[in-house]
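Quick notes on the structure that follows.
The values are calculated or read from the model by the stated rules, or taken from the named source; none is laboratory data. Everything quoted here is computed from the prediction, not taken from an experiment. No Cβ is skipped: glycine too gets one built from the backbone with ideal geometry, and neighbour counts run over all protein chains shown.
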Amino acid sequence: MRCADNGDLLDYVLRHKQVPEPQSQAWFRQMASGLHYLHSKNIAHRDLKCENILLSRKFHVKLADFGFARFCVDSDNRRILSHTYCGSAAYAAPEVVSGTPYNPKLADVWSLGIILYIMLNGTMPFNDDNLTKLLRDQMSRNWVFGSRTQETVSQTAKSVVRHILEPDITQRFTLDKVLSHEWVRGKRDKSGSGAKGIHTGQSQVMGMRLFKNGEKLQENHSRSSRDVGHSEGSQKRESNV
């Protein structure tokens, strides 16, 4: 098994407070590309979060922890909706939090958007202490960019976040639309910060994670390891669909 020498993305954000836009752009592109590979094999991850994004010695992204991964089609190649409400509430799409059958690929895209928001802001967009309020905030788009982000992050980067954190699944960006967005493809408008010292490269997937979950970004933000549908600290369980 390959070692992720530079820990996970949560550790990185905790150390550096936030990730500069050029680095966020490069890492997000790697994450989206890695997820696109999984989705092309009709596999959904279903537990994307900063703790499951590992960084190699050369700061390349590795997707890890496939304990909740599942196939998205049946033996006749028909799409299967997920009925298992798994993952971490802070990263979970509203359709997952609400307990309705959901398209796991679109739920993965939402989780990517949460990760991008965290990299750019250094905080979580939603508080998951109360799941009812979390769902209400998600559905009403009750989130904002931080004051520093408003001044330093480009409008095209903010556009990606807005299109992904869309509660209406018919309007939310698909992964193909994410990858075709100008910001993800490498273009940035002039309002963004400089691009010195960024780490670029290809994403990889790892069959097992190496680092612990459960750390907080800030004291006033929720525990990202809280599991959807289970009490805090309970063991994650998978059920048949």
(request) Residues being free of Cβ contacts under 8 Å to residues at least 60 places away in the same chain and of a type outside the set (D, E): count how many of those fall in the range 161-184. (result) 10
(request) For residues that are under 13 Å from the mean Cα position of the chain (by Cα) and either under 15 Å from A69 (Cα atoms) or of a type outside the set (A, V, I, L, M, F, W, C) (or both), scanning just the range 79-103, find the one that is surrounded by the fewest Cβ atoms within 10 Å (Cβ to Cβ). (result) S88
(message) Which condition from (1) in contact with a helix residue (DSSP H, G or I) (Cβ under 6 Å, 6 or more places away or on another chain); (2) farther than 20 Å from H45 by Cβ; (3) crowded, with 17+ Cβ neighbours inside 10 Å; (4) among the small types (G, A, S) is the one that G146 breaks?
(response) (3)
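Could you name every one of the helices (runs of 4 or more DSSP H) located completely within the range 95-155 that has at least 2 residues being under 24 Å from A26 (Cα atoms)?
104-121, 147-152
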(request) For R57, state whether it is farther than 22 Å from W183 by Cα and surrounded by 22 or more Cβ atoms within 10 Å (Cβ to Cβ). (result) no
(message) Would you confirm, using the coordinates I've provided, whether A92 is in contact (Cβ under 8 Å) with a residue 60 or more places away in the chain, in contact with a helix residue (DSSP H, G or I) (Cβ under 6 Å, 6 or more places away or on another chain) and under 24 Å from K158 (Cα atoms)?
(response) no
(request) Scan (1) of a type in the set (A, V, I, L, M, F, W, C); (2) over 24 Å from K133 (Cβ atoms); (3) in contact with a Lys or Arg (Cβ under 8 Å, 6 or more places away or on another chain) for the single condition W110 breaks and write down its number. (result) (2)
(request) Working carefully through the options V109, V19, find the one that is out of contact with any His (no Cβ under 6 Å at 6 or more places or on another chain), within 26 Å of S140 (Cα to Cα), surrounded by 22 or more Cβ atoms within 10 Å (Cβ to Cβ) and of a type in the set (V, I, T). (result) V109
(request) Identify the single condition in (1) part of a loop (DSSP other than H, G, I, E, B); (2) at pLDDT 60 or above; (3) farther than 19 Å from L10 by Cβ; (4) not aliphatic (A, V, I, L, M) that R162 does not satisfy, given that it satisfies every other one. (result) (1)
(request) Would you mind telling me which numbered condition in (1) among the acidic types (D, E); (2) farther than 25 Å from T170 by Cβ; (3) part of a helix (DSSP H, G or I) D5 fails? (result) (3)
(message) For the list (1) under 24 Å from H39 (Cα atoms); (2) surrounded by 14 or more Cβ atoms within 10 Å (Cβ to Cβ); (3) under 16 Å from the mean Cα position of the chain (by Cα), I need the number of the one condition that D128 fails.
(response) (1)
(request) Test L48 against the stated conditions and say whether it is under 19 Å from L179 (Cα atoms) and either among the aromatic types (F, W, Y) or assigned to a helix (DSSP H, G or I) (or both). (result) no
